[in-house]
Amino acid sequence: MKNIADRLNQLQSRLRSLENQYHRPPGSVNLLAVSKTWPVETIEQAYQAGQRAFGENYLQEAENKISALSSRDIEWHFIGPVQSNKTRAIAGQFHWCHSVDRLKTARRLSAAADKNHPLNICVQINISGESSKSGINEYNAAALCEQIVELPGLKLRGLMTMPAPADNLEEQRQPFRRLRRLLESLNATGLNLDTLSMGTSHDIEAAVAEGATIIRVGTAIFGPRGG
Ligand SMILES: *Cc1c(COP(=O)(O)O)cnc(C)c1O
C-alpha cells in the first residue's frame, strides 16, 4: 500500500515524462492537489512531501483547514461553485479562484479583494455543453473576460474546464483542445492569459498533451474519496 509521498513523487515523474513526450517545457504543468473531503492531517502529509498548492470546493470545509494550516506556506485554490454570499470569504482566504462564470461574481470578488494581493482568476467554461451545469458557454467567454480584466484586485489568468468523462485518449483530448484554442483566440485579441486549468486524475495525459498548465488531481494523490 502506497503512501501520499510515493504517489506525489510518482505523479511528478509522470508529469515530467509527459511534458517531454508532448514537447512541453519542463515544469510547465503544475500539480494542484485537490484535498476536498480530506482532513488537515492528510494535507499536512502532502505538504511534508513538498506539495504547496491545494484545491478546495466547499468554502466552509476549506476555512477550517486554511486556519489550521495558516503557518504553512500553502497556495489555496478555490475550484467549486462560487455562491454570491461567499465571495468575501473566498477573496480573503484564497490565492486563486478557478470557477468564475458570471460578471456578478467577479465584481463581488473584486470588491472584496486586497488590492495589494490580487486574486488570480480563471473563467470556467462549460466546454462540452452537457453534463456539468457550471461554467459559461465558450461563445460568451470573450465578453466576460474583457470585463473581468478591468476589475481591480483581480488578475485574470486563464480558463478552466471540467468536461464530461470520456474513456479514450482522443475523446478526452477534444474538449481540452477546444479550451486551448479558445485561450489562443482570446490572447489573439490582446488578452495575456497564461493558464489552462484542465485535467483530473483520469485524463492527465490528455490534459498535458493539449497544453494544461494546472492539472487538478485528487484521487490519484489521496485515494478514492470516502473510500
Ligand atoms: C474533485 C475535483 C477534481 C479532482 O478530481 P479527481 O478525479 O479526484 O482527480 C478536479 N477538479 C474539480 C473541479 C473537482 O471538483
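The values are calculated or read from the model by the stated rules, or taken from the named source; none is laboratory data. Bear in mind the structure is a predicted one, so any value in this text is a computation, not a measurement. Note that each Cβ is placed from the backbone with ideal geometry, even for glycine, and that neighbours are counted across all protein chains shown. Keep in mind that these areas ignore ligands, DNA and RNA; they rest on the heavy atoms of the full protein, side chains included. Shrake-Rupley method; radii C 1.70, N 1.55, O 1.52, S 1.80 Å.
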Next on the checklist: Take Ala143 and Gln10, extend 7 Å from each Cα along the Cα→Cβ direction, and tell me the distance between the two endpoints in nm.
Outcome noted: 4.7
Next on the checklist: Under the 0.36 nm per residue contour assumption, what length would be gained going from the current alpha-carbon distance of Ala68 and Tyr22 to full extension?
Outcome noted: 12.7 nm
Checklist outcome for this item: Between Lys155 and Tyr58, the two model label points (7 Å from Cα along the beta-carbon direction) sit apart by a distance in nm of 3.1
Checklist entry - Tally Lys/Arg at +1 and Asp/Glu at -1 over every other residue whose Cβ is under 14 Å from the Cβ of Ser201; what's the total? => result +2
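Could you put Thr37, Thr200 in order of accessible surface area, largest first, with the 1.4 Å probe and the full protein assembly present?
On the way: Thr37 75, Thr200 35 Å².
Reading off the accessible areas and sorting them downward yields Thr37, Thr200.
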Checklist entry - In straight Cα distance, which lysines are under 20 Å from Lys133, not counting same-chain residues fewer than 8 positions off? => result Lys36, Lys86, Lys104
Checklist outcome for this item: With all protein chains in place and a 1.4 Å probe, Tyr58 shows an accessible area in Å² (nearest 10) of 120
Checklist entry - At a 1.4 Å probe, what is the % contribution of carbon and sulfur to the accessible area of the stretch 4-221? => result 46
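Apply the a/c threshold of 1.5 to the C-alpha gyration tensor of the stretch 148-227 and tell me whether it is rounded, prolate or oblate.
Details: a/c = 3.04, a/b = 1.56, b/c = 1.94.
Oblate, since a/c reaches 1.5 and b/c is not below a/b.
Report the full-extension gain for the segment Glu170 to Gln83: residue separation times 0.36 nm, less the Cα-Cα distance, to one decimal in nm.
Numbers: separation 87, 0.36 × 87 = 31.32 nm, distance 3.43 nm.
Full-extension gain reported as 27.9 nm.
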Item to check | Accessible area of Ile127 in the full protein assembly, 1.4 Å probe (Å², nearest 10) | outcome: 10
Item to check | Packing rank of 142-154, 205-217, where each peptide gets the mean count of other beta carbons within 10 Å, highest leading | outcome: 205-217, 142-154
Item to check | For Leu103, solvent-accessible area (1.4 Å; no DNA, RNA or ligand), Å² | outcome: 40
Item to check | the chain: calculated mean residue ellipticity at 222 nm from DSSP helix runs of at least 4, using -39500 (n - 2.57) | outcome: -12000 deg cm²/dmol
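When a/c is below 1.5 the answer is rounded, else prolate if a/b is larger than b/c, else oblate, so apply that to the stretch 4-221 with a ≥ b ≥ c taken from the square roots of the Cα gyration tensor eigenvalues.
Numbers: a/c = 1.62, a/b = 1.03, b/c = 1.58.
Because a/c hits 1.5 or more and a/b fails to exceed b/c, the stretch 4-221 counts as oblate.
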Checklist outcome for this item: Residue separation between Gln48 and His117 times 0.36 nm, minus their alpha-carbon distance, gives in nm 22.2 nm
Item to check | Cross-link partners of Lys155 among aspartates and glutamates (Cα-Cα below 14 Å; sequence separation of 8 or more within a chain) | outcome: Asp114, Glu146, Asp194
Checklist outcome for this item: For the chain, the per residue accessible area (1.4 Å probe, Å²) is 48
